[in-house]
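So the structure is just underneath, and the comments pick up after that.
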Amino acid sequence: MAIEPLRVRVQQTTRMSDMPESIELSADGLYYPLKTGFILMFDQQQEDGAVPTTIKYTPERLALICKGPIEMNHSFIEGRFTQSLYKNPYMSMTMATTTSRLDVSEESCTFVYELSMNEEDVGIYEVRVTWTFEGGEE
C-alpha cells in the first residue's frame, strides 16, 4: 500500500555565521509520514532554476537531497563528521559538515553545523525548516 502524501507549506530559514541577514524560503511541498520519520519534498528557487529538494528524517539522521542545477545527498548526524559530493553547473566540491545540533518535531526540524567545502572552512550554519499541513495547492 502506497503512502499518501500530505500537502504542506514549507518555510526555511538559514543563518550563516558570516552574514548578518538570514536567507528565507517559502514553498509548497509534500510530506510523507514514515513509521520512524518522514520525507519532506519541495522546490528551492535558485539563480539557476528550481532545485527539487528532499529532506528525509530517520532516527538520529537527517538527509538533505537535491537534484537539478544543484546536486547533493548529504547526511547530518548530531555529533558526527560527514562528507559528500556537492555539484552545481560550474563545479564539483567535497562538502563536509560536523553537526552540533539536530532537533526534530512533528512540524519542524533544526540543524546546526560547521561547513567546509574542499577542505576550506566556510562557517557555521543554522537551518530551520517548518511546515504547516493546511498549505499547498489542491
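The values are calculated or read from the model by the stated rules, or taken from the named source; none is laboratory data. Here the structure is a predicted model, which means the values were calculated and not measured. Neighbour counts run over all protein chains shown; Cβ positions are idealised from the backbone, glycine included. Note: accessible area is taken over every heavy atom of the protein model, side chains too, but ligands, DNA and RNA are not part of it. Shrake-Rupley method; radii C 1.70, N 1.55, O 1.52, S 1.80 Å.
Being closer than 20 Å to E126 by Cα and at pLDDT 90 or above is the filter; apply it to the range 18-35 and report the residue that is most open to solvent (accessible area, probe 1.4 Å). Checking each candidate, the answer is E21.
One line per residue, one yes/no per condition, for (1) within 20 Å of A27 (Cα to Cα); (2) not β-branched (V, I, T):
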| residue | (1), (2) |
| --- | --- |
| Q83 | no, yes |
| S92 | no, yes |
| E107 | yes, yes |
| V112 | no, no |
| R128 | yes, yes |
| F133 | yes, yes |
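Restricting the search to strands (runs of 3 or more DSSP E) fully inside the range 36-129 and requiring at least 2 residues that are of a type in the set (S, T, N, Q), surrounded by 17 or more Cβ atoms within 10 Å (Cβ to Cβ) and free of Cβ contacts under 8 Å to residues at least 60 places away in the same chain gives 49-58, 92-105.
Among the residues of the range 1-35, those identified as in contact (Cβ under 8 Å) with a residue 40 or more places away in the chain, part of a strand (DSSP E or B) and more than 17 Å from the chain's Cα centre (by Cα) are L6, R7.
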